[in-house]
1. At least 3 residues that are of a type outside the set (A, V, I, L, M, F, W, C) and either out of contact with any helix residue (DSSP H, G or I) (no Cβ under 7 Å at 6 or more places or on another chain) or open to solvent by 70 Å² or more (accessible area, probe 1.4 Å) (or both) in each: list the strands (runs of 3 or more DSSP E) lying fully within the stretch 86-141 that qualify.
2. Specify which of the listed residues (61, 82) is over 16 Å from the mean Cα position of the chain (by Cα) and without any contact (Cβ under 8 Å) to a residue 60 or more places away in the chain.
3. Which of the residues spanning the stretch 22-51 are hydrophobic (A, V, I, L, M, F, W, C) and over 22 Å from residue 95 (Cα atoms)?
4. Provide a single number: the residues in the stretch 75-120 that are within 14 Å of residue 64 (Cβ to Cβ) and charged (D, E, K, R).
5. Does residue 53 meet the test of being assigned to a loop (DSSP other than H, G, I, E, B), within 21 Å of residue 124 (Cβ to Cβ) and either touching a residue at least 24 places away in the same chain (Cβ under 8 Å) or out of contact with any helix residue (DSSP H, G or I) (no Cβ under 7 Å at 6 or more places or on another chain) (or both)?
6. What pairs come up if the first residue lies in the stretch 89-105 and is farther than 13 Å from residue 78 by Cβ, the second is acidic (Asp, Glu), and their beta carbons are under 6 Å apart, counting only those six or more places apart or on different chains?
7. Quick check on my filter: what residues within the stretch 49-63 are crowded, with 17+ Cβ neighbours inside 10 Å and either closer than 10 Å to residue 137 by Cβ or not β-branched (Val, Ile, Thr) (or both)?
8. For the stretch 69-79, give me each residue that is open to solvent by 40 Å² or more (accessible area, probe 1.4 Å), under 14 Å from residue 136 (Cβ atoms) and either of a type outside the set (Asp, Glu) or part of a strand (DSSP E or B) (or both).
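The values are calculated or read from the model by the stated rules, or taken from the named source; none is laboratory data. Worth saying up front: this structure is predicted, and the values here are computed from it rather than measured. No Cβ is skipped: glycine too gets one built from the backbone with ideal geometry, and neighbour counts run over all protein chains shown. To get the accessible areas, we keep the full protein, side chains included, count just its heavy atoms, and leave off ligands, DNA and RNA. Shrake-Rupley method; radii C 1.70, N 1.55, O 1.52, S 1.80 Å.
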Amino acid sequence: TADLTFEFLGKTPGGSLHAAFTKNDAGQVTQVSVNGHHPWIRVNEYKPSVIVTLTPAELKAVEGKYQFESNKNAFLTITANASSLTMTTLWDGKKKENLVPLSDHEFLNVEEAFDLKFVKDGSGKVVKMIAYTSDVWDKVE
């Protein structure tokens, strides 16, 4: 059970937001569970992501159409912008914008806290994308 609980009643999707913090035997907060979901474990050596600047050619290298390995009917596109990427899901036209580079193959959507990682073959060509840590997409165009 949690030692500390808070409820935020502001504008959140679905109404309220409930955060339950848990302490260890020494009285230190070690984790938080939000709305009863899996706990987030506190890390002592947290290093925030650092946004890097890529050239237009480096951003364009990941552009293309990708097919979901788990559902061959699902496609999305990645488009390069001036300093970030846009992901568009082709089944509904929804866009996730402002995917900022952390390296030439790792990108982060800060607003929704999800990442994209691009996998290159031996020649340096992008052949896959991994979204949300485990969703694998094959580059088809």
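1. Answer list for the stretch 86-141: 95-101, 114-120, 135-139.
2. Result of the check over 61, 82: 82.
3. Answer for the stretch 22-51, where residues must be hydrophobic (A, V, I, L, M, F, W, C) and over 22 Å from residue 95 (Cα atoms): 26, 29, 32, 34, 40, 41, 43, 50.
4. Final tally of qualifying residues: 1.
5. It is true that residue 53 is assigned to a loop (DSSP other than H, G, I, E, B), within 21 Å of residue 124 (Cβ to Cβ) and either touching a residue at least 24 places away in the same chain (Cβ under 8 Å) or out of contact with any helix residue (DSSP H, G or I) (no Cβ under 7 Å at 6 or more places or on another chain) (or both).
6. Filtered contacts from the stretch 89-105: 104/58.
7. Listed by number, the residues that qualify are 54, 59, 61.
8. 70, 71, 72, 75
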